[in-house]
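A short write-up of the structure that comes next.
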Amino acid sequence: MAFNLEKLLRPHISSIKPYSSARDEYSGKAGIFLDANENPFGSMAKGNHNRYPDPYQLDIKEKLSKVKQIPANQIFLGNGSDEAIDLLMRAFCTPSVDNIIILPPTYGMYEVSAGINDILIKRVNLTEDFQLKPKEILAEVDEKTKLVFICSPNNPSGNKLNRADIYHILNQFDGIVVVDEAYIDFSDEPSFIQDLKNYPNLLVMQTFSKAWGLASLRIGMAFASVEIIKILNLIKPPYNISGLTQEKVLEALDNVKDIKQIVNDILSERHYLEQEIIKSPFVSHVFPSHANFILIKATEARKIYEFLIEQTIIIRDRSKVTLCADCLRISVGTRTENKAFLQALNQYQA
Ligand SMILES: *Cc1c(COP(=O)(O)O)cnc(C)c1O
């Protein structure tokens with residue numbers, strides 16, 4: 001067995017001709033544009049939004065290529081990471097025939113997207129301390145297994161997964177290994193982007209929604225081989241990233257030097273939260289985090305969650321999630337927000 005992208009792809013996808021947009025056929029920037037049925041006079045809203053945006057977001061990719069040290073043709077941009085997740089399933093998994101492997105407790109969108117696409121899900125739980133079970137994962141692989149989703153640092157547990165285990169799966173699995181690095185900017189762990197040259201079956205996802213502070217824009221990144229990126233580009237909606245979003249992301253990329261400071265601020269707030277929250281008599285454990293949130297074990301997690309809602313402080317109840325009994329997930333806020341949260345928690349009475 002060896003990785004064979006052509007064989008992995010759903011057969012009908014290879015023969016699809018992509019939608020050819022006006023901006024595909026002529027991508028020059030100067031000229032009189034009478035090709036795309038746009039409004040030549042301008043927009044009904046402030047600013048110039050009357051022209052279709054670049055379908056391949058080349059300006060962003062050029063800048064991002066330098067930031068991430070990867071060629072621009074190995075970058076895909078989606079309407080949130082969620083679009084990349086959905087496109088991967090549609091490209092590689094035949095509904096009600098193929099399957100994916102997910103590793104609970106993990107990010108909910110893998111399962112939702114698989115459900116929408118009618119793709120079978122195999123689950124291999126993480127260990128009690130939220131690490132991979134590589135042998136068990138590989139034992140679940142059959143000839144219909146196309147994708148394995150690995151989230152590191154993991155949501156909702158917050159820890160990073162052992163690198164050696166991920167390499168083991170990359171070496172042994174002939175489908176695509178998706179490493180979701182939504183929280184990588186908060187971790188000292190190097191990105192798996194650097195491993196793309198060695199692993200044609202690797203796809204790394206990151207997002208502008210967390211450390212970059214652009215959740216509202218909806219833009220996520222996928223990094224993979226030129227061949228995999230071509231497939232995602234082939235099946236994506238032509239103009240999946242809006243012009244406004246592209247403008248704002250370009251602006252953010254020019255400020256990339258500031259991200260370290262913001263991340264440091266978030267990490268020191270996380271540290272503060274970790275130190276203070278464990279003092280609560282209702283908190284029995286704070287799981288080690290490499291992300292911008294913490295997972296805690298609490299007595300009466302659901303009641304605490306509801307009590308906090310009454311004070312309009314909203315955290316995430318994860319107590320019904322696999323391996324997360326009695327667990328609550330708290331995003332790191334500003335000092336003011338964290339203090340308000342801790343103060344409210346201290347008012348809780350069993
Ligand atoms: C927040 C998050 C994302 C980001 O999703 P977007 O659609 O890019 O906002 C991806 N994966 C995980 C695990 C996340 O927690």
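The numbers here are math on the coordinates, done by the rules we state, and not lab data. All values derive from a computational prediction rather than experimental measurement. Neighbour counts are summed over all protein chains in view; Cβ atoms, including those assigned to glycine, are modelled from backbone coordinates with ideal geometry.
Quick check on my link table: of Lys197/Lys236; Lys17/Lys197; Lys135/Lys197; Lys7/Lys260, which ones sit more than 32 Å apart, alpha carbon to alpha carbon? Don't skip to the end; give the middle numbers.
On the way: Lys197/Lys236 24 Å; Lys17/Lys197 28 Å; Lys135/Lys197 25 Å; Lys7/Lys260 42 Å.
Those over the limit are Lys7/Lys260.
In nm, to one decimal, how far is the Leu244 label point from the Leu323 one, both placed 7 Å along Cα→Cβ?
4.0
Please compute the length gained on full extension between Ile278 and Glu337, using 0.36 nm multiplied by the number of residues separating them and subtracting their Cα-Cα distance. Display every interim value, and only then the final one.
Values: separation 59, 0.36 × 59 = 21.24 nm, distance 1.72 nm.
In short, 19.5 nm is gained.
Which of the GluC sites (Glu not before Pro) found in segment 107-145 are in a DSSP loop and have at most 11 neighbouring Cβ atoms, other than their own, within 10 Å?
Details: sites: Glu111, Glu128, Glu136, Glu140, Glu143; in loops: Glu128, Glu143.
Passing both the DSSP loop test and the Cβ count: Glu128, Glu143.
Report, in deg cm²/dmol and to the nearest 500, the calculated mean residue ellipticity at 222 nm for the chain, where each DSSP H run with n ≥ 4 adds -39500 (n - 2.57) and the sum is divided by the residue count. Before the final figure, lay out the partial values.
Details: 13 runs with 123 residues, N = 350.
Theoretical 222 nm ellipticity from helices: -10000 deg cm²/dmol.
Want the number for Gln261 to Thr94: 0.36 nm per residue separation, take away the alpha-carbon distance, what's left? Before the final figure, lay out the partial values.
Values: separation 167, 0.36 × 167 = 60.12 nm, distance 4.44 nm.
The Gln261-Thr94 span can extend by a further 55.7 nm.
If the elastic network links every pair of Cα atoms under 10 Å, which of Pro281, Pro55, Pro238 fluctuates the most in the Gaussian network model of the chain?
In this elastic network of the chain, the residue with the biggest mean-square fluctuation among Pro281, Pro55, Pro238 is Pro281.
Please work through the chain and write down the cysteines that have no neighbouring cysteine Cβ at a distance under 4.7 Å.
By the Cβ distance rule, which asks for a partner under 4.7 Å, the isolated cysteines are Cys93, Cys151.
Sort segment 180-285 into rounded, prolate or oblate with this rule: let a ≥ b ≥ c be the square roots of the eigenvalues of the Cα gyration tensor; rounded if a/c is under 1.5, and if a/c is not under 1.5, prolate when a/b is larger than b/c, oblate otherwise.
Numbers: a/c = 2.34, a/b = 1.67, b/c = 1.40.
Judged from the Cα gyration tensor, segment 180-285 comes out prolate (a/c at least 1.5, a/b above b/c).
Dipole of the chain (Lys/Arg Cβ +1, Asp/Glu Cβ -1, origin at the Cα centre): which of Leu88, Ile296, Asn255 lies farthest to the positive side?
Asn255
Residues with beta-carbon under 14 Å from that of Thr334, excluding Thr334: net charge, scoring Lys, Arg +1 and Asp, Glu -1? Show your work: numbers first, answer last.
Details: positive: Arg270, Arg335, Lys339; negative: Asp265, Glu269, Glu337.
Neighbour charge sum, excluding Thr334 itself: 0.
Taking only the alpha-carbon positions of segment 10-254 and ignoring solvent, what does the Debye formula give for the base-10 log of I(q)/I(0) at q = 0.07, 0.08 Å⁻¹?
Here log10 of I(q) over I(0) equals -0.25, -0.33.
Which lysines have a Cα less than 17 Å from the Cα of Lys297, not counting those fewer than 8 places away in the same chain?
Lys279, Lys320
Subtract the Cα-Cα distance of Gln172 and Tyr348 from 0.36 nm times their separation in residues, and report this length gain in nm to one decimal. Mind showing how you got there, number by number?
Values: separation 176, 0.36 × 176 = 63.36 nm, distance 4.93 nm.
This chain segment gains 58.4 nm when fully extended.
As an exercise, identify the trypsin sites (Lys or Arg not before Pro) in segment 1-54 lying in DSSP coil whose Cβ has no more than 10 other Cβ atoms within 10 Å. Display every interim value, and only then the final one.
Numbers: sites: Lys7, Arg23, Lys29, Lys46, Arg51; in loops: Lys29, Lys46, Arg51.
Answer by residue number: Lys29, Lys46.
Just need the Rg to Rh number for segment 259-347, please, alpha carbons only, Kirkwood Rh.
So for segment 259-347, dividing Rg by the Kirkwood Rh gives 0.95.
Can you figure out the FRET efficiency of Ala164 with Leu234, using R₀ = 25 Å and their beta-carbon distance, to the nearest 0.05?
Working: r = 34 Å, r/R0 = 1.37.
So, using R0 = 25 Å, E works out to roughly 0.15.
Return, for the Cα atoms of segment 1-109, the radius of gyration and Dmax in Å, separated by a comma.
18.9, 58
Once you've got the GNM for the chain with C-alpha springs shorter than 10 Å, pick whichever of Leu132, Leu253, Leu88 has the biggest mean-square fluctuation.
The residue with the greatest mean-square fluctuation here is Leu253.
If you place +1 on the Cβ of every Lys and Arg and -1 on the Cβ of every Asp and Glu, how big does the dipole about the Cα centre of segment 226-314 come out, in debye to the nearest 20?
Values: 10 positive and 12 negative charges, 61 e Å.
Roughly 300 debye, rounded to the nearest 20.
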